[in-house]
Structures are given as structure tokens and as C-alpha cells.
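Below you'll find the structure, written out as C-alpha cells, and then a few comments.
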Amino acid sequence: MRNIITKALAAVVLIALAMSLAACGAGNIYDSLAKDGYSVKVRFDAGGAFVNNTQNVTIVEVFSEDDAVTNSEGKTGVALLAPDDPIRGEGIFKLAKIDGTNNYFQIGWYRERTPVVDGDGNPLDIFGVPTSESGREQAYTYSGMWDFDKDVVDPASLTDGEMVLYAAWAPFFTYEFYSQNESGEFELIGSKQKITLEIPKVSEATGNVSMKDFPKLDGKVFASAYFDEAMTEEISENLDGRRLFVDYETGTVKETVIKIYITWSEE
């Protein structure tokens, strides 16, 4: 299925570069390719990400209807590759997203997206803050996550021979660490922006505790960590943010800030 991409790869690169430099020439490129039988277009909307360190680049995949295959479910259509799939070759399409304070990770590619607004219709950013206040771009919810291993494009179902896939991005999770002060109240002692979080481990060789991603406190030895102040939900293994806090159906995250409550023993 995946060897289909080799036919159109040169054209894909050409279109991506041309559209980043001169959008007015895109129509001529499409017309020329259509004459050669490449009438199916798949546009990858990178969602504000940098493509090969350049922003506002549109990636368009072009196919012939003759490229259609039949998948394991008996559906016939054109098989796709994600733009940054390693099979294309290293560095052909490298996607990354970052703003002034946040790194982002990609959740997936989706068929549809819906702008996120407040009750008055004002656009909200990914943290639920009005974009007029934060200066960040508008957030979206998504539907129809594309499965590159089995989904295929049915050319007959497309409008004007084109389909769009939207990239859904989420900021790295902010893990906040809380520890009890002398009054027994939990207070913030540090934070880290990551996707996954490693919990402290005891070395079998030395007996010392490696704090991994957790902050240290002088004179204290890590004892345990919890999701709640009442210390009823103990964290016993590393946290995989993609598995625990992502809603893949909507292309969004369930939480942007994860609070961790730490207990200690005397050193």
C-alpha cells in the first residue's frame, strides 16, 4: 500500500515549495498535474506548525485514481502517508509547533475541525482564554481521525477532487509539583513541561533515589506521589501523557496542567 507514494513524491515536494513562495502559481501546477492524470488532491493543513522550519507552508499530495487499492476492510481508494512518515525519507517534511512559551506535540490528522468559542462567539485559544487577550491562535475540536494504516480516500466522494486533513496539536503538559509546608498545606515547589513524566526510582545498586523529572528538597527523601491532596490516588508508574490525558476522538487534551502531590521521608 505504501509504495504508492513514490509516484507522486516529486510533485508533492514541488507543490509544497511553490505554495510557500507563490500561491498564485498553485493553480497552474494543479492543472499541469491533472493533465498527467493526477486529479486527486489531499491537502495537509499543518495547523500553524513549522514545516521544515518554515511557517505557512501547505503540503498537497497528488494522486491518480489509478493509484487506488483495496484495503483489508474491502474499501477501495487511495492510501495516504502522513507528511512526516519516515518512509518518505528523513527530513523531507519535518513538522514542529512552538509558541512563545509552549512546545506542542501532534495528536493526529482529522477530517473535520470546529472552532472553539465562548458563549458570545468570541474565539478561544487552546487554554480557554480569549485570543484577543492571549495573542495565541484559535483552538479547535476535531472529528474523523485519519488512520493511515487502513483508511483510504475514495476519489468519487471528493468535492472538486480534493480532501483536507487537519493536524491537531496540543501543548506539552505542565506537571506541577506540590509539597506540604510546616503547616501541612500543599504549596507549589516546581513545574515541568513534558509529554511523559518519569517518577523517582530507587537504585538497586546504591539504594539512592534518582528524582528523574521531580524536584528535590534538601534534607528530604522522596517517599510517594499522588494525583490528589487527600493522597488516595497514588502514582506508581511513569505517566504517559498521550495515553492518559488525550481525547483522540476530539483531538484535544483532557488536562493541560497535571498536579502532583509529593510526600517525603527524612534523609
Checklist entry - Which value at 222 nm does the chain reach when only helices count, each DSSP H run of 4 or more adding -39,500 (n - 2.57), with the total divided by all residues and rounded to the nearest 500 deg cm²/dmol? => result -3500 deg cm²/dmol
Checklist entry - With Cβ to Cβ distances under 14 Å as the rule, what net charge do the other residues near Tyr110 carry (K, R +1; D, E -1)? => result -3
Checklist entry - Taking 0.36 nm per residue of separation and subtracting the Cα-Cα distance, what length does fully extending Gln193 through Thr174 add? => result 6.4 nm
Checklist entry - Near Lys259, which lysines are there with a Cα under 27 Å away, not counting those fewer than 8 places off in the same chain? => result Lys97, Lys192, Lys194, Lys201, Lys212, Lys216, Lys220
Item to check | Solvent exposure of the chain as accessible area per residue, Å², 1.4 Å probe | outcome: 55
Item to check | Carbon + sulfur, % of accessible area of the range 143-252 - ligands and nucleic acids excluded, 1.4 Å | outcome: 43
Item to check | Cross-link reach list, lysines versus Lys35, counting only Cα pairs under 21 Å and skipping chain neighbours closer than eight places | outcome: Lys7
Item to check | Listed candidates (i) 26.6; (ii) 19.9; (iii) 14.8 - label of the one calculated as mean projected area of the Cα convex hull in nm² | outcome: (ii)
Checklist entry - Looking at the square roots a ≥ b ≥ c of the eigenvalues of the Cα gyration tensor of the range 77-121, which shape do they give, rounded for a/c under 1.5, prolate if a/b is larger than b/c, or oblate? => result oblate
Checklist outcome for this item: For the chain the mean separation of alpha carbon contacts under 8 Å (6+ apart) over residue count, i.e. relative contact order in percent, is 17
Checklist entry - Just the accessible area for Arg113, please: 1.4 Å probe, Å², rounded to the nearest 10? => result 70
Next on the checklist: To make sure I understand the rule: partners must be lysines, Cα under 17 Å from the Cα of Lys150, and not fewer than 8 residues away in the same chain. Which ones qualify?
Outcome noted: Lys75
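The values are calculated or read from the model by the stated rules, or taken from the named source; none is laboratory data. Bear in mind that the values here come from a model prediction, so they are computed numbers and not experimental data. Counting neighbours? That spans all protein chains shown, and the Cβs are built from the backbone with ideal geometry, glycine included. The protein model used for the area step is the full one, side chains on, heavy atoms only, and it has no ligands, DNA or RNA in it. Shrake-Rupley method; radii C 1.70, N 1.55, O 1.52, S 1.80 Å.
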